1. Taking a virtual spin label 7 Å from the Cα of GLU301 along the C-beta vector, which residues in the stretch 103-138 bring their backbone nitrogen under 11 Å of it?
2. Could you work out the relative contact order of the stretch 1-71, using alpha carbon pairs under 8 angstrom and six or more residues apart, expressed as a whole percent?
3. Rounded to the nearest 500 deg cm²/dmol, what is the calculated helix-only ellipticity per residue at 222 nm for the chain, with -39500 (n - 2.57) per DSSP H run of length n ≥ 4?
4. May I ask you to sort ILE134, ILE163, ILE293, ILE13 by Cβ crowding, counting other Cβ atoms within 10 Å and putting the fewest first?
5. Percent of alpha carbon pairs in the chain separated by more than 29 Å?
6. Got a sec? Charge dipole of the chain, +1 on Cβ for Lys and Arg, -1 for Asp and Glu; which of THR337, TYR324, ILE210 is way out at the positive end?
7. What ³J(HN,Hα) values, in whole Hz, does the Karplus curve 6.51 cos²θ - 1.76 cosθ + 1.60 give for the stretch 190-196 when θ = phi - 60°, with x put for Gly and Pro?
8. MET274's amide H: which non-local residues (gap 5+, or another chain) put their own amide H closer than 5 Å, with H modeled 1.01 Å from N in plane and none for Pro or chain starts?
Amino acid sequence: MSELVKIVRFHEIGGADVLRIDELPLPEPGPGEVRLRVKAIGLNRAEIMFRNGQYFLTPNLPSNIGYEASGIVEAVGPDVEFDLIGKVRSTVPAFALNEYGVYGEVCIVPASALAAYPAHLSFEEGTSVWMPYIAAYGAIVHNGCVAKGDHVVLTAATSSVGIAAIQIAKAEGAIVIATTRTADKADELLSAGADHIIATNEEGDVAARIAAITNGVGAKVIFDAVAGPGILALARAAARDGLIMIYGTLSPEPTPFPVFESWGQAAQLKPFRMMGYSLFSITNDQEALKSAIRYVFDKLESGKLKPRIDRVFKLTQIADAHRYMDKGQQIGKIVVTV
């Protein structure tokens, strides 16, 4: 009889209660795939949206779930190097969430979606690497080309991506302006490396605050997880030829295009760029992905980057972990151990 393993799936769309731990036969990897014996799982906002039916991919019910896991490779499929067995690896979000999922005692993933991380990191830290750091790298380094002394604005900065973006921006010598709704997380953001904090619900004119901090120059890169009407103030705060990158839609309101905000006080057009962004623009480009992995690995090895873990749950508490993420109060990564 085949070994049974615990796999987290959901059989219907909905809240955290739809997550079930099913006992299923041990899966075997197919061509180009590996089986990872999972030690830790990193949660992401995308998985909440996927479970709720709000993601850009439609779940194939009953659906597996999860982008990030760390563990030990225990089996490989055809066309995969045999010596990968026994290696510690973590998964890179370079696959479709409706085809693969990593929540469980084991997971099947493409071999191309595995990466090594520095040996001094724990399994909990190893599963907290690729989604946040590749997303931040793509914005700050690959697209933003941030240099020493540039100002970078990060909205909703207490998320795992926000903390990663603070670290990468500081590694590049930038000056970080982090926004959060209230000042109760200001000390945490300052300890994470942010230079300035703006509590958006308490400080009024966000554009004026950014203008004051930057001495009127504005921000070279604005990495926005919120969208919605707040984009108008961010456009006013952009530097000439600055870049606004929208990678999240935490605001439930429509996002206007900031045409008139680009006009300065002298009725002159202030050129800036605005783009939608996803880390998949990096993970789906093999050359860009190699550069991102090399950059993140080297910075982790040197200690310039360090994963920030907010809270750890057990696999049996997977629904509780999702409920905790639903609240949006974490600072850094939510991890589930197996």
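Since every read-out is calculated from the coordinates, none of them should be taken as a lab result. All of these numbers come straight from a predicted model, not from anything done at the bench. With ideal geometry, Cβ positions are generated from the backbone for all residues, glycine too; neighbour counts draw on all protein chains shown.
1. Of the residues in the stretch 103-138, 117-119 have backbone N under 11 Å from the label point off GLU301.
2. 37
3. -7000 deg cm²/dmol
4. Numbers: ILE134 27, ILE163 30, ILE293 21, ILE13 15.
Ranked by crowding around the Cβ, least crowded first: ILE13, ILE293, ILE134, ILE163.
5. The calculated P(r) of the chain puts 39 percent of pairs beyond 29 Å.
6. About the Cα centre, the residue reaching furthest to the positive side is ILE210.
7. For the stretch 190-196, the Karplus-derived couplings read 5, 5, 7, x, 5, 8, 9 Hz, x marking Gly and Pro.
8. Answer set, sorted by chain and number: ILE244.
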